[in-house]
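Report on one structure; see the data block that follows.
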Amino acid sequence: MLVFRQHFNKLVVKGVIQVSPFSSFKIIGEEDSERTTLTIEEVRTLAGFIPKKGNSQIRQAFLFSCFTGLRFSDIKKLVYSEIQNDQITFRPAKTTKKTVMVPVIEDAKLIIEKLPKHPNNKKVFWDLPSSQVVNVYLKFWALEAGLKKNLHFHAARHTFATVGLTFGMDIYTMKELLGHSKIEMTQVYAKIVDQKKKSEMAKFPSLANEKNIH
């Protein structure tokens with residue numbers, strides 16, 4: 001099924017078809033395997049690399065999500081009136097019952113300032129194609145930048161969460177920033193951070209054979 005889905009994704013990019021018949025299909029176990037996250041260095045690599053394919057707003061929107069944690073659906077509908085006093089205040093498309101407030105850090109602010117404004121469109125990212133098309137271009141971007149990651153837009157949100165928790169952000173604060181209804185949803189990222197710590201500690205050089213260790 002994966003081969004067929006990749007084939008139809010390419011047809012979408014080429015404009016042969018508008019929507020892939022596999023867009024709503026989910027491979028069993030795919031959600032966990034695709035919880036891709038980036039390190040700070042990998043985000044810097046992407047930020048410093050201009051992809052050859054796709055429009056510039058795809059790159060800018062992905063980086064903006066890395067710095068704010070917003071989902072694709074919320075970035076796509078984000079309007080300038082929702083950004084006031086260095087803070088984004090919005091109702092997520094996924095659950096409109098809760099208002100989420102996210103501070104705009106300097107990196108995110110720079111992206112907003114550099115984006116060209118549309119004369120008749122109030123959206124910040126007014127030139128974004130569908131998420132399906134965006135994800136195809138993101139994979140090209142990662143490949144061109146030399147990153148061996150299965151890049152998709154939600155990886156930016158994952159990155160925001162794991163980087164924030166790695167650098168000591170309180171998990172309840174992260175829960176509010178991500179707009180999660182339950183702390184258990186945020187704890188998934190805490191587990192990822194713990195797993196990364198263990199894998200990094202495994203790289204620590206052994207001193208067990210050194211004469212002066214005891």
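What follows is calculated from the coordinates using simple rules that are stated; it is not laboratory data. This is a predicted model, so every value here is computed, not measured. Cβ sites come from the backbone with ideal geometry, for glycine too, and all protein chains shown count toward neighbours.
What are the radius of gyration and Dmax of region 159-209, computed over its Cα atoms and given in Å?
Cα radius of gyration and Dmax of region 159-209 are 13.9, 50 Å respectively.
May I ask you to compute the full-extension gain from T99 to N120, defined as 0.36 nm times their residue separation minus their alpha-carbon distance, rounded to one decimal in nm?
So the extension gain works out to 4.9 nm.
Given K53/K198; K109/K175; K149/K197, which pairs have Cα atoms separated by over 29 Å?
Among K53/K198; K109/K175; K149/K197, the Cα-Cα distance tops 29 Å for K53/K198.
Sort T37, T173 so that the residue with the fewest other Cβ atoms within 10 Å of its own Cβ comes first and the one with the most comes last.
Working: T37 20, T173 12.
With the sparsest Cβ surroundings first, the list reads T173, T37.
Filter the chymotrypsin sites (Phe, Trp or Tyr not before Pro) in region 92-193 to those in DSSP coil with at most 10 other Cβ atoms within 10 Å of their Cβ, and list the result.
Answer in residue order: F167.
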